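*Asks:* Can you keep this structure in mind? I'll have questions shortly.
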Amino acid sequence: MLALIQRVTQAQVTVDGAVVGAIGPGLLALVGIEPGDGEAQARRMAQRLLGYRVFEDANGRMNRSLTDTGGQLLLVSQFTLAADTRSGMRPSFTSAAAPDMARREFDRLLAICRALHPPGVETGRFGAHMVVSLVNDGPVTLLLRP
């Protein structure tokens, strides 16, 4: 499991012209599920998403987490994140989990994050063509692994 996180002032996901998930200040996390991911990876990723210190403290240092700030989290499933791009000029998706398994593990991550973070966790729509809009704050963009 991996997550490309971006610190945002706002972000939203639109499907077929309708907003399905939107947040104010917080984190946008594009999540890729890989074969072998399970409950342990989902729990660890939730801890990292909610506890990773990417928000500034009073001294301007990245020392505060989403939990500390009470910001929101927007989780978006993105199988292309798990692509193998090491060779050739076209990505291979053999390193991404099969759709049924990926949906199960993404839903598990979503449920864990929602249980642990009452300030708000939104999502896109699994398997849909999504338009993701964001205002990256910093910019701050990091790749997390559990």
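The values are calculated or read from the model by the stated rules, or taken from the named source; none is laboratory data. Since we're looking at a predicted model, the values are computed, not measured. Glycine gets a Cβ as well: all are built from the backbone with ideal geometry, and neighbour counts include every protein chain shown.
*Asks:* I'd like to know if region 119-128 contains one or more residues that are without any contact (Cβ under 8 Å) to a residue 12 or more places away in the chain and not hydroxyl-bearing (S, T, Y).
*Replies:* Initially, region 119-128 is screened for residues without any contact (Cβ under 8 Å) to a residue 12 or more places away in the chain, giving none.
Within region 119-128, none of the residues are without any contact (Cβ under 8 Å) to a residue 12 or more places away in the chain and not hydroxyl-bearing (S, T, Y).
*Asks:* Looking at region 36-58, is at least one residue at pLDDT below 95 and among the β-branched types (V, I, T)?
*Replies:* Within region 36-58, none of the residues are at pLDDT below 95 and among the β-branched types (V, I, T).
*Asks:* Sticking with this structure for a sec: S87 is checked against (1) over 25 Å from R125 (Cα atoms); (2) modelled with pLDDT under 95; (3) of a type in the set (S, T, N, Q); (4) within 15 Å of the chain's Cα centre (by Cα) and fails just one. What number does that condition carry?
*Replies:* Unmet condition: (4).
*Asks:* Another question about this same structure. Would it be correct to say that L2 is closer than 17 Å to Q78 by Cα and surrounded by 24 or more Cβ atoms within 10 Å (Cβ to Cβ)? So that I can check it myself, show each step before the final result.
*Replies:* On the way: closer than 17 Å to Q78 by Cα: yes; surrounded by 24 or more Cβ atoms within 10 Å (Cβ to Cβ): no.
No; evaluated as a whole, the condition is false for this residue.
*Asks:* Given the conditions (1) free of Cβ contacts under 8 Å to residues at least 60 places away in the same chain; (2) part of a helix (DSSP H, G or I), and given that R43 satisfies all but one, which numbered condition is not satisfied?
*Replies:* Every listed condition holds for R43 apart from (1).
*Asks:* Please specify each residue of region 8-67 satisfying the condition of being touching a Phe, Trp or Tyr at 6+ places or on another chain (Cβ under 6 Å) and among the aromatic types (F, W, Y).
*Replies:* Answer for region 8-67, where residues must be touching a Phe, Trp or Tyr at 6+ places or on another chain (Cβ under 6 Å) and among the aromatic types (F, W, Y): there is none.
*Asks:* Just to be sure before I move on: is N63 in contact with an Asp or Glu (Cβ under 6 Å, 6 or more places away or on another chain) and closer than 22 Å to V8 by Cα in the structure I sent?
*Replies:* Values: in contact with an Asp or Glu (Cβ under 6 Å, 6 or more places away or on another chain): yes; closer than 22 Å to V8 by Cα: yes.
So N63 passes the test.
*Asks:* Can I ask one more? When you go through (1) in contact (Cβ under 8 Å) with a residue 60 or more places away in the chain; (2) assigned to a strand (DSSP E or B); (3) surrounded by fewer than 20 Cβ atoms within 10 Å (Cβ to Cβ) one by one for V8, which number turns out not to apply?
*Replies:* With (1) in contact (Cβ under 8 Å) with a residue 60 or more places away in the chain; (2) assigned to a strand (DSSP E or B); (3) surrounded by fewer than 20 Cβ atoms within 10 Å (Cβ to Cβ) applied to V8, the lone miss is (3).
*Asks:* Right, another one. So, M89, is that one touching a residue at least 24 places away in the same chain (Cβ under 8 Å) and farther than 29 Å from V135 by Cα or not?
*Replies:* Working: touching a residue at least 24 places away in the same chain (Cβ under 8 Å): no; farther than 29 Å from V135 by Cα: yes.
So M89 does not fit the description; no.
*Asks:* A further question on this structure: Can you go through V19, V13 and tell me which one is of a type in the set (V, I, T), free of Cβ contacts under 8 Å to residues at least 12 places away in the same chain and part of a strand (DSSP E or B)?
*Replies:* Values: V13 fails: free of Cβ contacts under 8 Å to residues at least 12 places away in the same chain.
Being of a type in the set (V, I, T), free of Cβ contacts under 8 Å to residues at least 12 places away in the same chain and part of a strand (DSSP E or B) holds for just one of V19, V13, which is V19.
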